[in-house]
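Below you'll find the structure, written out as C-alpha cells, and then a few comments.
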Amino acid sequence: PIGAQISAANIDNLSQHFPACMSHLHRTLRQTGHLKHYGRLQYTLFLKGIGLTLEESLVFWRTGMRSKTDDEFNKEYRYNVRHAYGDVGGDGNRRGGGYSPFSCQKILTEHQPGAGDAHGCPYRHFNMENLSTLVQAMGVTDQAVMRGVREDKDAQKYHMACNRVFEHLHKAEIKKAKDEGVLTANQLETIVHPNEYFKRSYLLKN
Ligand code: SF4
C-alpha cells in the first residue's frame, strides 16, 4: 500500500512521482526554506491528498520552512496547516475534513502567481526557458519531447504538455503494463489532477 510510504521523511524520495507544479514547489521549498502562502496551500493540500497525515505534515512544514524560528512557525504557519486539514476553522471546513486538493483546472485558472510565487502550473505560468530547466531536472532530456512541450504550451494545451511528460517519464512501465494487460481504461485517460499524476506514477514505478 502507498500509505506506509507517505511520511515527512520520505517526501524527497516521493517527489520523483510529482508533476511539474508540485515538483517546483518542493524544489523551491528545499532551496529557499520558504514558500509563500498560496504555494504552501497548493502543496499542503496535494500532500494531504497523497496521504500525508496532519502530524506528518506539521513535521514536514516545520523542517521545510527552515528560514523560520519555532516561534514564528507556531504563530504564523501551524494554524494554516491544521486549517487545511480541517483540524481548526469554521464548522463547514471541519466537517468536510478541510479543503480538497486543487485540480489542474483550479491551479491553471485561479490565483495567478506573481513575482516570488512558486504556485501555479509551470506549463502555463513559466516562460519556456524556466520550463525547460524544470522539465529537464525532472528527467526529460529528449529534444522531441521538449519540442512537443513547447508546441503544447504555445497552443495553450497545458494538460497535454503535462501528460506528454508523464508518458515519456513512464514509457517503459506503461509499455510493460500494456503488454501484461494490467492497464485499466482509467489509467489511459488524460490526467487532469496532480494527485492522479502522483498515484499513477507511484503505482507504475512500484
Ligand atoms: Fe500540475 Fe496539472 Fe499543471 Fe500538470 S497540468 S503541472 S498536474 S497543474
Neighbours of Y197 by Cβ distance under 13 Å: Lys/Arg at +1, Asp/Glu at -1, summed charge +1
For region 81-193, averaging the sequence separation of alpha carbon pairs under 8 Å that lie six or more residues apart and dividing by its residue count, the contact order in percent is 20
The answer for the chain, accessible area per residue at 1.4 Å probe in Å², is 52
Expressed in square angstrom to the nearest 10, the accessible area of H83 with a 1.4 Å probe stands at 40
Ignoring ligands and nucleic acids, I50 exposes an accessible area, probe 1.4 Å, in Å² to the nearest 10, of 20
With all protein chains present and a 1.4 Å probe, the order of L58, L35 from largest accessible area down is L58, L35
Here the alpha-carbon Rg of the chain over 2.2 N^0.38 Å rounds to 1.04
Sorted list, accessible surface of protein heavy atoms, 1.4 Å probe, largest first, for R150, R164 is R150, R164
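Summing Lys, Arg as +1 and Asp, Glu as -1, what charge do residues with Cβ under 14 Å from the Cβ of L25 carry, L25 excluded? Could the numbers behind the result be given before it?
Details: positive: R27, R30, K36, R40, K48; negative: D12, D117.
Taking every other residue near L25 into account, the sum is +3.
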Residue-normalised 222 nm signal for the chain, counting each DSSP H run of n ≥ 4 as -39,500 (n - 2.57), nearest 500 deg cm²/dmol, is -16500 deg cm²/dmol
Carbon plus sulfur, as percent of the 1.4 Å-probe accessible area of the chain, comes to 49
For K176, counting only lysines whose alpha-carbon sits under 20 Å away and dropping same-chain residues fewer than eight positions off, the answer is K199, K205
Here, region 138-206 modelled as identical Cα point scatterers in vacuum has Debye log10 I(q)/I(0) at q = 0.17, 0.20, 0.21, 0.25 Å⁻¹ of -0.64, -0.86, -0.94, -1.19
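Can you tell me the relative contact order of region 1-114? Whole percent, Cα pairs under 8 Å, sequence separation 6 or more.
Reported as a whole number, the value is 24 percent.
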Hull surface over four for the Cα convex hull of region 73-176, reported in nm², is 9.5
Around E167 (Cβ within 11 Å, Cβ-to-Cβ, excluding E167; K/R +1, D/E -1) the net charge comes to +3
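The values are calculated or read from the model by the stated rules, or taken from the named source; none is laboratory data. Not measured: the values here are computed from a predicted model. Neighbour counts are summed over all protein chains in view; Cβ atoms, including those assigned to glycine, are modelled from backbone coordinates with ideal geometry. Surface accessibility is based on the protein's heavy atoms, side chains included, excluding ligands, DNA and RNA. Shrake-Rupley method; radii C 1.70, N 1.55, O 1.52, S 1.80 Å.
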